[in-house]
Amino acid sequence: MVTVLTPDQVEEKYGRMFCRGLYTLVDEENGIAQVLERCSAQGPAEWDIMNRRRSGGVINVIRQESGLMVMDTVIGERELNFGPAAEHVGGQGLAALKVEGDEVRTTWYGIAGAGVGIGACLPGCRDVIRTEYPDDFTIGGAHAAHVDIITPKLVRVIIGVDDTDTKEKGASWVASLKLGMTCPVGHFLGHKIIQLNPLVPNKTTNCCSTAVAFAVKESEIPALVEYATEFIRKESYSEDSVITVFKGLKVPEKLAEFGWSCKSVLYTQEDAIKAAGENGVQIISVTGMKGVIGAVAAIGCFDMGEKAAGIAEDFQ
């Protein structure tokens, strides 16, 4: 027998806990996923990161970004290895992540106090659909416990933006950040400023493009793109604004190479259109086409961390 509880029922049973966001993004084509968790405090997040990293399971990499715990995982199931921590300080880990239609099932294990996190904290998050508890589930103490948490299946969509400003007014990074913060579709995940070739002759000032990422349901992608297009149209001061759209957790290597080389090479619009077409990037002319190079490069550089904001000389 399995007991199934909704977040409201979990809160009624255990009280209001500390998880403020839990999103499961999948990229089935590449067999990978990403679990994003927003915790109320730094301490529990740091403890969870160390324990989940130690236990392995389906998590390949775990880190903190912009207040989120980011877990890069495989889609599937792997054994957990708590090691000596199981006996002395407890442990916590993610053993499986499986796609079931429009839902994602994640299987979590916790030992000792870590059982509170997987049994009460995560299941109480409003992003969860339901949690399945085995009959022998017990929180806390020296008990080992596991639960299955079911969440909506989400995908990552990156929207690149360039050429919304003029030499007199506007800034593309401001327009894209406003887009991310006001968009009513999905969950706003992150914002990047991409430094491009400072020697480009037809630039405004800094020669930067920008991009924002969202977690959305597949069915929400058209609404997201429509909102982004109209938002940039209204915010733009330029007649050459372009947005680009990419779905997935893995930016293609060739696209990343193109993005990085845009920091030192002078490309044509045709070069950017070719790179987009070969790497699954949709191009939308909002008010024109001159911004296409930067908008494509923004997606290519999105997962480069600080490198996105720099040029090659900064990292020599």
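The values are calculated or read from the model by the stated rules, or taken from the named source; none is laboratory data. Every value quoted in this text rests on a predicted model; they were computed, and no experiment measured them. Methodologically, a virtual Cβ is constructed for each residue, glycine included, from the backbone with ideal geometry; neighbour enumeration extends over all protein chains shown. Protein only, heavy atoms only, side chains kept; ligands, DNA and RNA dropped before computing areas. Shrake-Rupley method; radii C 1.70, N 1.55, O 1.52, S 1.80 Å.
Of note:
- From the list LYS307, LYS247, the lone residue that is closer than 17 Å to ARG156 by Cβ and of a type in the set (Lys, Arg) is LYS247.
- Members of the range 120-133 found to be open to solvent by 30 Å² or more (accessible area, probe 1.4 Å) and either part of a strand (DSSP E or B) or more than 21 Å from GLU100 (Cβ to Cβ) (or both), listed by number: ARG130, GLU132
- Contact annotation: residue pairs with Cβ atoms under 6 Å, 6 or more positions apart or on different chains, pairing a residue in the range 227-254 that is under 15 Å from LEU177 (Cα atoms) and of a type in the set (A, V, I, L, M, F, W, C) with a partner that is in a loop (DSSP other than H, G, I, E, B) and open to solvent by less than 20 Å² (accessible area, probe 1.4 Å), are ILE232/SER241; ILE232/VAL286; ILE243/VAL286.
- Contacts under 6 angstrom Cβ, first residue in the range 1-21 being in contact (Cβ under 8 Å) with a residue 60 or more places away in the chain and over 13 Å from ILE149 (Cβ atoms), partner among the hydroxyl-bearing types (Ser, Thr, Tyr) and surrounded by 15 or more Cβ atoms within 10 Å (Cβ to Cβ), 6 or more apart: THR3/TYR133
- With respect to the conditions (1) touching a Gly at 6+ places or on another chain (Cβ under 8 Å); (2) outside any helix (DSSP H, G or I); (3) open to solvent by less than 20 Å² (accessible area, probe 1.4 Å), GLY288 falls short on a single one, namely (1).
- For the range 147-181, filtering for residues that are under 20 Å from LYS247 (Cα atoms) and either at pLDDT below 95 or open to solvent by 10 Å² or more (accessible area, probe 1.4 Å) (or both) leaves 7.
- The range 208-224 - residue that is under 17 Å from ILE283 (Cα atoms) and open to solvent by less than 20 Å² (accessible area, probe 1.4 Å) and, of those, farthest from the chain's Cα centre (by Cα): SER209
- In the range 182-195, the residues that are surrounded by fewer than 22 Cβ atoms within 10 Å (Cβ to Cβ) and either under 22 Å from GLN269 (Cα atoms) or touching a His at 6+ places or on another chain (Cβ under 6 Å) (or both): ILE193, GLN195
- Scope the range 7-42; condition over 20 Å from GLU103 (Cβ atoms) and among the small types (Gly, Ala, Ser); matching residues: GLY15, SER40, ALA41
Results for (1) open to solvent by 30 Å² or more (accessible area, probe 1.4 Å); (2) within 20 Å of ALA114 (Cβ to Cβ), shown as yes or no for each residue.
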site	(1), (2)
MET1	yes, no
GLY21	no, yes
ARG38	yes, yes
ALA41	yes, yes
ILE49	no, yes
GLY67	yes, no
ILE75	yes, no
LEU80	yes, yes
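- Subset of the range 96-119 that is under 24 Å from ALA215 (Cα atoms) and open to solvent by less than 10 Å² (accessible area, probe 1.4 Å) - its residue that is modelled with the lowest pLDDT: ILE118
- Selection count where residues are polar (S, T, N, Q) and either assigned to a loop (DSSP other than H, G, I, E, B) or closer than 20 Å to VAL174 by Cβ (or both), scope the range 211-232: 1
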